[in-house]
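Reviewing the structure listed below.
Since every read-out is calculated from the coordinates, none of them should be taken as a lab result. As the structure is a prediction and not an experimental result, all values here were calculated from the model. Here the Cβ is made from the backbone with ideal geometry for all residues, glycine too, and neighbour counts use every protein chain on show.
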Amino acid sequence: MFGFIHFGYVAALVVTGGASSVMAAELCIEDWSTARPVVKEERLATVEAVTGLAKGKVKGDVVKVTLCQQGQRWVYRLLVRGPGGKHAPVYVDAKEPFAR
């Protein structure tokens, strides 16, 4: 259904009298010919809009963007190369990127 899909895991922290690590499944679509219809159908922000907004919000350069589904929520996983050259993922809500 989604062509090139990457299955990964995102750690979620749950506090119930103490801290414990729980794994939540993450479904990612790396092929943009497959992701594009999802963006349209789900009325998500476009990758162009997200990368444009990221320029003023993240420290570093966005080198890769992947559309991921975490439960019922869609997010963009931005791979950002920081000022020191180190890469780090930044997750952004796909419907309301950088909203506050």
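Starting from the Cα-Cα distance between LYS86 and LYS64, subtract it from 0.36 nm times their residue separation and give me the gain in nm to one decimal.
Roughly 6.6 nm would be gained on extension.
Over all Cα pairs of the stretch 30-93, how is the pair count split among 5 Å bins, expressed in % and running from 0 up to the last occupied bin?
4, 17, 30, 24, 15, 8, 2, 0
What is the gain in length, in nm to one decimal, between ALA49 and LYS95 on full extension, counting 0.36 nm per residue of separation less the C-alpha to C-alpha distance?
Residue separation times 0.36 nm, minus the Cα-Cα distance, leaves 15.5 nm.
With each pseudo-label sitting 7 Å past Cα toward Cβ, what's the LEU79-VAL38 distance in nm, one decimal?
1.7 nm
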